[in-house]
Amino acid sequence: MTEMTESLFAAPSAGIARVALPVPIDSLFDYRVGVEQEARAQPGHRVQVVFGGRPLTGVVCELASDADASAPETLSTLEGVIDDEPVLSAAMLRMLREAAADILCPVGIAITAALPRGSAPRAVREFAMSEKGRRALETGAVRGAAKDVLERLRDGSATPAALARAVPRAQTLLPTLERDGLLVRAIGERGPSAKARRERVARVAPELDVEATCAGALSRAPKQAALLRQVAAAGQVAVARLREDEPRAAEHLRNLEKRGFVVLDSKAAPRNVLGPAVPRDEPHRLTGDQAKALDAIAGTIRSAEHTTFLLHGVTGSGKTEVYLGAVREVLDAGKQALLLVPEITLTHQIVARLRARFGDELAVLHSGLNQSERLEQWQRLRQGDTPIAVGARSALFAPLDNLGLIVIDEEHDSAYKNDEGFRYTAHDLATRRARAAGCPLVLGSATPALETRYAADCGDVERLVLAERIGKLGMPKVEIVDLEREREVTSKGQRTTLTHTLRRALKETLQNGGQSILFLNRRGFSTQIYCFECGFAERCPHCEVALVFHAQAGRLRCHYCDHSKPPPQKCGGCGHPESSLLGTGTERLEEEVRTLIPEARISRLDRDTTVRRGATAEILAGISSGSTDILIGTQMVAKGHDYPGVQLVGVIAADMGLHMPDFRSAERTFQLLTQVAGRAGRADKPGRVILQSFVPDHYAIAPVATHDYERFYATELEFRRGLSYPPFGRVTQLIVSGEDQGETLEAARKLAMGIGAKPAAVPIESDTELTPVDRAPEYEVLGPAPAPLSRLRGRYRYQILIKGSDRERVLAASRKLSQAMTRLPRAVRASLDVNPVSML
């Protein structure tokens, strides 16, 4: 060992920290812990390290000794420890590591997903002036731009970007200055991008006799005396509040602090993310089915027993009231409750119900909040300021150490699957958390996922049934309109979006003072611009999809990569001056309804109308208050909303989702139609639902007319059984992508052959469907073949599927694929999903 190497590692060490880092390598990484870091470098604490020359933030998962490391003398030391308290509990770390291993996700990617985003200081690469550079600057050995760079670094290090802004030629000079030894690389630190709000507060100094002080020391300072009395009366009061009554309050308080009469401090002041106050309510009288369901759940809360319940209730049957009763049991037991909803739009409704019943002591966690707001809510839970957490799937990472209940509302929703990075499902993580906490998990839905319902049939989940709606009216009447028979043609020969039946129903509902919802799961004005002369359609240059015309913006837009362009004046294929707008989106539907019923007050709810923060709540408030007559929207209108004034629901294209290349397409179609139909007739007036479809007899559509989940479930279950799809088997999906089509296909072929497949030649330009290429009992490999979205954001995509009822063999092949992915060419990427929810 050289003298330099000996000196490098001569610093005392307190052991080794094994750190999870946000890199695509499934391993923990060993770093030395400095003696001064020993007390804080504990499991669950975030640390700063240098990895491959890059500054990264990681989480300590384990501590070890030199004897446990293969080459302890080569280890780098931690750059710093961020936290005084663990940000992830031992139970959370254990759950994340187990879940990551089961779904073949690098452990650091999984653990990073659970951290409050933006809350850690950011380590950045910087340049600093070396001693040689300082001497060169002082002796005048450098001139021009090089001198300007060194002058900029005289008082400290700076990032390359900051230097480039200060000195125009810096970007090209930096490598030369570094090579000449005038600059050295350094690791700098920037503050967290998320900052919890705090406010200044005042309180009376301990053991101070306020009246004696006011009568004596402050006898000639009446304003200070009055302020002291005000602080004493409040116990602790915000300085901002005092300034409302006395503009010079801050100055007076500083004087009082100097004399030892008050103590000025700061405290957390989280922003209000709940909205205006809501009136309190009382528990509703439960039906027999509700009471029976609540008794079963409450029993496991009181006994601290883990049981998974399926609360299977038709739309409008009062599932939320059961949730609220279970939360009451949890609070009475001194424990915490976690409630999940699939989308942000549904948090407003459940939060309002919780606030009305339990007050404002709850935290909200979802992506609609900015980083600072999320951090504040996370801290409230961590500090025990509130016992209730509500949010979307990421709320599963909330710091709740005394859980008494987890609820997943609308449990069938695909939004509970995270499709990037840590590809977890909320069901899996919730089951792990509930099992570890010894508490019940309640899965609520009118249309349970097939896997959930089958688990109930097998006895793994306890099924609780709410078979009837609250009230006397019952389920809405559903009419399925056959588009082949009834769809009208206008005098111009163009098909209309609304059938005669639906147009008449809209007018009648408006005349009767009722509200309507029109559902079309496609935004925009038209799905494509098409030339009837040559058949050319405007397509995205980066994705294998048609561009959608948005009339309000006056542009064509790709819904995948957001590429946009103005509509062409002539056909891009043959130059013909005329082209047609084909297909219909919510924007075009809104225009047609406004023309049909000009007196109606119409709103539209889709991604285009909800870009601005708060827009979703405003649009939904319109239907809730009665100021909107007709609400037009995508699936955002279908989920969980409860609006008593809605008497009519119209579904424009009920069979649209059936044509997706996904084995779950029939299930999703049935669930979505049943859910949107359930928005009608939820008060004292009967509801009506009209479904427009080209395939009215399809097994996913016909049962909606009679609200017959069991009929659909039995049919779909047999299809799944015959093909070994879940719940009877396991499916793994691998997507291989790259900018070079030939290189990408060749990489996909090698991966497929690596798990025993013998893939047939797949033409580069191919519409070939997936076909089995390697069959074995209860197991098969399919592909590679072009993915359903064969090109996305400029990258060609090929798909390999492994499926079968032999779950262990499917998982073993998936592990082999996961290992082989690390040897792909640099330009080729692969993403592995061992439980895909969407096959696109």
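A few points about this structure:
- Measuring r between the beta carbons of residue 419 and residue 139 and using R0 = 56 Å, the FRET efficiency lands at 0.40.
- The chain - charge dipole about Cα centre, Lys and Arg +1 at Cβ, Asp and Glu -1, debye rounded to 20: 1900 debye
- Shape of the stretch 535-681, Cα gyration tensor, a/c cut at 1.5: prolate
- With the alpha-carbon atoms of the stretch 78-199 aligned to their principal axes, the span from lowest to highest coordinate is 60, 43, 24 Å, starting with the largest.
- Peptides 421-431, 278-288, 192-202 ranked from most to least packed give 421-431, 192-202, 278-288, packing being the mean of other C-beta atoms within 10 angstrom over each peptide's residues.
- In the chain, a dipole from Cβ-located charges (positive for Lys and Arg, negative for Asp and Glu) runs towards its positive end, and of 269, 56, 336 it is 269 whose Cα lies farthest in that direction.
- Accessible surface area normalised per residue over the chain is 47 Å², counting heavy atoms of protein chains with a 1.4 Å rolling probe.
- One compactness figure for the stretch 284-347 is 1.14, namely its Cα radius of gyration divided by 2.2 N^0.38 Å.
- Between residue 472 and residue 131, the contour length at 0.36 nm per residue exceeds the Cα-Cα span by 114.2 nm.
- Most to least accessible of 70, 303 (protein chains only, probe 1.4 Å): 70, 303
- Toward the positive end of the charge dipole of the chain, with +1 on the Cβ of Lys and Arg and -1 on the Cβ of Asp and Glu, the farthest Cα among 137, 114, 313 is that of 137.
- The DSSP beta bridges internal to the chain are antiparallel in roughly 60% of cases.
- Length gained on full extension, residue 356 to residue 226, computed as 0.36 nm times the residue gap minus the Cα-Cα distance: 43.0 nm.
- Placing pseudo-labels 7 Å out from each Cα toward the beta carbon at residue 778 and residue 592 gives an inter-label distance of 5.0 nm.
- Protein-only accessible surface order, largest first, of 655, 26 at 1.4 Å: 26, 655
- Candidate aspartates and glutamates for bridging to residue 267, where Cα separation is under 20 Å - those fewer than 8 sequence places away on the same chain excluded: 83, 84, 85, 199, 244, 251, 257, 360, 361, 373, 376, 385
- Sites residue 155 and residue 816 - FRET efficiency at Förster radius 60 Å, r taken between beta-carbons, to 0.05: 0.65
- Across the options 831, 636, 553, the greatest Cα extent toward the positive end of the charge dipole of the chain (unit charges at beta carbon of Lys, Arg, Asp, Glu) belongs to 553.
- In terms of overall dimensions, the stretch 370-522 has a Cα radius of gyration and Dmax of 22.5, 67 angstrom.
- To the nearest 10, the accessible area of residue 693 is 0 Å² with a 1.4 Å probe.
- Its Cα centre serving as origin, the stretch 86-237 has a Cβ charge dipole (Lys and Arg +1, Asp and Glu -1) of approximately 460 debye.
- The simple spin-label model puts a point 7 Å past each Cα toward its Cβ; for residue 94 and residue 743 those points are separated by 4.6 nm.
- Net length available on complete extension from residue 565 to residue 717 is 50.2 nm, with 0.36 nm assigned per residue and the Cα-Cα distance removed.
- Local electrostatic count at residue 221 - Lys and Arg +1, Asp and Glu -1, tallied over other residues with Cβ under 15 Å: +3
- Radius of gyration over Kirkwood radius for the stretch 207-307, both on Cα atoms: the Rg/Rh ratio is 1.36.
- A Förster distance of 25 Å, applied to the separation of the beta-carbon atoms of residue 574 and residue 553, puts the FRET efficiency at 0.40.
- In this structure, the residue pairs whose Cα-Cα separation is over 28 Å, taken from 292/417; 565/639; 472/639, are 292/417; 565/639.
- The listed residues 486, 207 rank as 207, 486 when sorted by accessible area, largest first, using a 1.4 Å probe.
- In this simple spin-label model, placing a label point 7 Å from the Cα along the Cα-to-Cβ direction at both residue 162 and residue 70 gives a separation of 3.9 nm.
- Label zone (residue 239, point 7 Å along Cα-to-C-beta; backbone nitrogen cut-off 14 Å) within the stretch 253-271: 253-258, 262-268.
- Solvent-accessible surface (1.4 Å probe) assigned to residue 354 amounts to roughly 0 Å².
- Structure-derived volume of the Cα convex hull per residue in Å³: which label, when the choices are (1) 252; (2) 197; (3) 165: (1)
- Among residues other than residue 308 with Cβ under 14 Å from its Cβ, the summed charge is -2 (Lys and Arg +1, Asp and Glu -1).
The values are calculated or read from the model by the stated rules, or taken from the named source; none is laboratory data. The shown structure was predicted, so the numbers you read here are calculated from the model rather than taken from an experiment. We place every Cβ from the backbone using ideal geometry, glycine too, and count neighbours over all the protein chains shown. Just the protein is used for accessible areas: all its heavy atoms, side chains included, with ligands, DNA and RNA removed. Shrake-Rupley method; radii C 1.70, N 1.55, O 1.52, S 1.80 Å.
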